[in-house]
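Worksheet for the structure shown next.
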Amino acid sequence: MSSISIPNRRNAAARPPPVPSSGVSFVLPALLLILAVFILPVVMLLLRSVTEPDPGLQNYRELFESATVARVFVNTFVVSGLVTAIALLIGFPIAWLLVILPKRWADLLFGIVILSMWTNLLARTYAWMVLLQRTGIINKTLMGLGLIDTPLPLVNNLVGVTIGMTYIMLPFIVLPLVTTMRAIEPDLLRAAALCGAGRWEAFRRVLLPLSLPGIAAGGLLTFVMSLGYFVTPSLLGGAGNMMAAELIAQLVQSLLNWGLGGATAFALLVLTLALYAVQLRLLQRGRSQRGG
Amino acid sequence: MTPFLDIQNIKKTYGATVAVQDVTLGIGRGEFVTFLGPSGSGKSTTLYVIAGFLDPTEGDVRIQGQSILSVPSHKRNIGMVFQRYTLFPHLTVAENVAFPLRVRRRPNDEIERKVAEMVRLARLETVRDRLPSQLSGGQQQRVALARALVYDPPVLLMDEPLSALDKKLREEIQYEIRRIHQETGVTILYVTHDQEEALRLSDRIAVFSQGRIDQIGTSAELYQNPATRFVAGFVGNSDFLSCRIDRVEGHSARIVLPDGACVSGVRSHGTVRAGSEGTLMLRPERVRIRNAASNTTPSENGAAGLSVTIRDITFLGDNTHFAVETDWKQPMAIRVPFGRAGAEGLAVGDRARVDWVAEDAHVFAESANG
């Protein structure tokens with residue numbers, strides 16, 4: 001782990017020999033492809049945001065002055081944060097079950113989690129529309145039980161978006177967590193129990209801290225994916241509370257405002273990268289504290 | 001007087017498979033008892049029942065007369081050291097040792113004092129702020145020991161704690177365990193499949209075989225007076241020769257070896273019945289070997305013997321190891337201490353005569369290949 005690599009870093013002699021450069025020519029086509037399909041469009045987008053309709057930063061001025069854009073960004077970050085938090089709360093116990101259940105039951109549960117990823121995204125989102133609408137199963141059941149008098153507004157708003165996206169993001173939380181948890185020695189929890197730790201203490205002091213790398217990886221993945229998510233917000237969300245990807249689509253497709261659309265997309269990219277950098281810093285600091 | 005730790009008639013079954021049965025054992029306060037047996041003999045299962053990781057199908061476990069079976073693991077107040085180092089990888093040595101006290105919500109000054117005491121006892125002063133991944137295997141196991149003792153448990157369980165260490169480290173930690181046992185006076189239940197480790201550490205040894213305890217006794221008792229063929233084979237080195245039991249009187253039997261030689265005055269163990277097949281057991285260092293030509297008298301002063309062919313001779317310094325074969329092709333090992341007369345001039349392929357004092361021979365009812 002990190003503790004092993006740290007002394008190596010100080011000791012230059014222990015470094016592995018540099019990779020021979022002769023292999024570069026083999027990966028060159030792939031590198032060029034990545035450049036053409038990933039990097040180039042981003043650069044072009046950035047260029048459009050400062051050249052259309054006129055050269056200058058007016059698109060960014062508009063972006064920062066617009067109350068609508070500000071609200072869309074707030075919506076986006078709040079929903080992404082909620083989705084990540086709820087998916088973690090649901091995903092953690094599922095991941096732990098996958099690790100501790102007998103193999104047959106774990107395989108079944110794993111199948112259910114994975115199967116949801118293999119089903120068409122639109123089909124899954126429409127399924128949620130059916131479930132969540134005013135006359136959907138959820139509202140009908142709740143009213144039938146007499147718990148509510150009028151249907152709850154569960155769709156065409158951010159509640160619907162949060163529910164739908166949480167479900168879609170769940171596998172991206174569960175899979176990294178399972179990998180992390182599988183690496184935890186099962187006898188560690190037995191040792192914790194004999195040391196006097198009940199379930200809660202064992203969770204708080206052993207399982208949770210040891211699962212942190214998985215929580216961080218899954219959480220970041222989910223949060224970043226949620227920031228730019230389009231399908232679910234546009235189907236389950238309402239016109240009054242857009243998310244960033246919807247705003248960009250509207251600017252480009254309906255208003256043909258490539259300049260402002262590019263500026264919005266670029267702002268989202270910068271915010272995402274900034275978040276990623278912060279998390280990377282936190283992870284590294286945690287690691288070096290443990291390593292030191 | 002009731003024993004301090006009382007294991008009463010433990011039985012554990014998984015469906016039709018019996019993991020352990022009839023395990024009954026009383027352990028005194030401060031005693032060091034080892035469960036010795038091959039893997040799958042039920043020794044770890046018994047330990048896990050005491051730790052609370054398994055519920056026994058039948059039986060009871062009592063500490064000072066109180067049954068602990070209904071008490072969950074985390075309230076049993078038992079210490080345990082596991083086979084693999086089960087230190088918390090995200091906590092330093094000192095925090096690992098402090099863990100049991102932290103979950104018990106002891107005051108900070110008490111935690112600090114107890115941890116310092118344990119770190120000193122386990123000689124971990126120089127590494128107390130390191131993480132487990134920065135320690136050697138031996139240091140990790142000493143931390144595990146300190147963590148298991150910091151809350152003064154009445155009983156310490158050790159489940160093959162040294163099996164992951166190399167031989168030199170094992171001996172070093174064995175010495176540490178003995179010292180810590182003497183300094184703390186804790187009652188220790190130790191599981192191992194290594195007979196040497198069991199002999200070196202324990203006050204008493206319980207030999208497990210196929211889910212049962214074959215024999216409980218001190219090292220010397222097990223060695224001198226093994227109750228079953230299994231104990232004889234597992235504790236110390238043994239030669240086994242197939243034989244027929246001719247007559248039994250009390251604990252003395254007369255047997256007939258396959259070459260027709262009669263041996264009387266053999267100590268019999270278990271349900272040895274006249275007329276049945278049995279196994280003659282000898283300790284390699286209690287057998288004497290000499291040149292067949294030099295002296296042909298079959299026995300002297302109560303000694304019994306037989307003719308063998310020498311297959312291999314290995315000089316090991318303090319003793320010489322002879323691999324021989326009987327006339328009916330059963331192998332035997334014989335160890336002759338350096339300097340003992342009679343074995344000079346013997347070479348591979350020679351015919352030789354081996355003999356032993358009658359009371360050094362034991363006979364068991366089980367057959368030699370069973």
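Here are the numbers:
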item	result
Lone unmet requirement of (1) open to solvent by 50 Å² or more (accessible area, probe 1.4 Å); (2) touching a residue at least 40 places away in the same chain (Cβ under 8 Å) for B:ILE245	(1)
Among (1) open to solvent by 40 Å² or more (accessible area, probe 1.4 Å); (2) of a type in the set (D, E, K, R); (3) closer than 25 Å to A:TRP200 by Cβ - the single one B:ARG76 does not satisfy	(1)
Search result, residues across the stretch B:86-96 that are at the interface with chain A (Cβ under 9 Å from one of its Cβ atoms) and open to solvent by 50 Å² or more (accessible area, probe 1.4 Å)	B:PRO89
Flag if B:PRO132 is within 32 Å of the chain's Cα centre (by Cα), open to solvent by less than 50 Å² (accessible area, probe 1.4 Å) and within 8 Å of another protein chain (Cβ to nearest Cβ)	no
Qualifying residue in the stretch B:44-64 (condition: within 30 Å of B:ALA116 (Cβ to Cβ), touching a Pro at 6+ places or on another chain (Cβ under 8 Å), without any contact (Cβ under 8 Å) to a residue 60 or more places away in the chain and assigned by TED's automatic domain parsing to the domain that holds B:ILE177)	yes
Residue match in the stretch B:53-73 (condition: hydrophobic (A, V, I, L, M, F, W, C), open to solvent by less than 40 Å² (accessible area, probe 1.4 Å) and within 9 Å of chain A (Cβ to nearest Cβ))	no
Helices (runs of 4 or more DSSP H) fully within the stretch A:150-267 counting 2 or more residues that are in contact (Cβ under 8 Å) with a residue 40 or more places away in the chain and over 30 Å from B:VAL155 (Cβ atoms)	A:158-182, A:208-227, A:231-236, A:244-249
Residue list for the stretch A:111-120, restricted to those being open to solvent by less than 80 Å² (accessible area, probe 1.4 Å) and either in a helix (DSSP H, G or I) or acidic (Asp, Glu) (or both)	A:GLY111, A:VAL113, A:ILE114, A:SER116, A:MET117
Subset of the stretch A:187-208 that is more than 8 Å from chain B (Cβ to nearest Cβ) and open to solvent by 20 Å² or more (accessible area, probe 1.4 Å) - its residue that is nearest to B:GLN83 (Cα to Cα)	A:LEU189
A:PHE64 vs. criteria in a helix (DSSP H, G or I), at pLDDT below 90 and within 20 Å of A:LEU256 (Cα to Cα)	yes
Cross-chain or 6+ apart pairs with Cβ under 6 Å, the stretch B:162-184 first and assigned by TED's automatic domain parsing to the domain that holds B:ARG120 and modelled with pLDDT of 85 or more, then part of a helix (DSSP H, G or I) and open to solvent by 30 Å² or more (accessible area, probe 1.4 Å)	B:LEU162/B:ARG170; B:GLN174/B:ARG200
A:ASN139 being outside any helix (DSSP H, G or I) and of a type in the set (S, T, N, Q)	no
Unmet requirement for B:LEU222, which otherwise passes all of (1) under 30 Å from B:GLN182 (Cβ atoms); (2) outside the structural domain of B:GLN174 (by TED's automatic domain parsing)	(2)
Residues of the stretch B:1-36 classified as open to solvent by 30 Å² or more (accessible area, probe 1.4 Å) and free of Cβ contacts under 8 Å to residues at least 40 places away in the same chain, total	6
Failed item in (1) away from every other protein chain (no Cβ under 13 Å); (2) small (Gly, Ala, Ser); (3) open to solvent by less than 20 Å² (accessible area, probe 1.4 Å); (4) within 29 Å of the chain's Cα centre (by Cα), with B:SER39 passing the rest	(3)
Options A:GLY136, A:GLY111, A:GLY91, A:GLY56; residue that is among the small types (Gly, Ala, Ser) and closer than 23 Å to A:ILE248 by Cβ	A:GLY56
Evaluation of A:GLY146 against (1) within 14 Å of another protein chain (Cβ to nearest Cβ); (2) at positive phi (one fails), failing number	(1)
Conditions (1) within 12 Å of chain A (Cβ to nearest Cβ); (2) within 31 Å of the chain's Cα centre (by Cα): number failed by B:ARG105	(2)
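Quick grid of which residues meet (1) of a type in the set (Gly, Ala, Ser); (2) under 22 Å from B:VAL231 (Cα atoms); (3) within 14 Å of chain A (Cβ to nearest Cβ):
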{"position": "B:ALA148", "(1), (2), (3)": "yes, no, yes"}
{"position": "B:ASP152", "(1), (2), (3)": "no, no, yes"}
{"position": "B:LYS168", "(1), (2), (3)": "no, no, no"}
{"position": "B:GLU172", "(1), (2), (3)": "no, no, no"}
{"position": "B:TYR175", "(1), (2), (3)": "no, no, no"}
{"position": "B:HIS181", "(1), (2), (3)": "no, no, no"}
{"position": "B:THR184", "(1), (2), (3)": "no, no, no"}
{"position": "B:GLU196", "(1), (2), (3)": "no, yes, no"}
{"position": "B:ARG200", "(1), (2), (3)": "no, yes, no"}
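The values are calculated or read from the model by the stated rules, or taken from the named source; none is laboratory data. Since the structure is predicted, the reported quantities are computational estimates derived from the model, not experimental observations. Positions of Cβ are generated from backbone atoms using ideal geometry, with glycine treated the same way; all protein chains shown enter the neighbour counts. Ligands, DNA and RNA are excluded from the accessible area calculation, which covers all protein heavy atoms including side chains. Shrake-Rupley method; radii C 1.70, N 1.55, O 1.52, S 1.80 Å.
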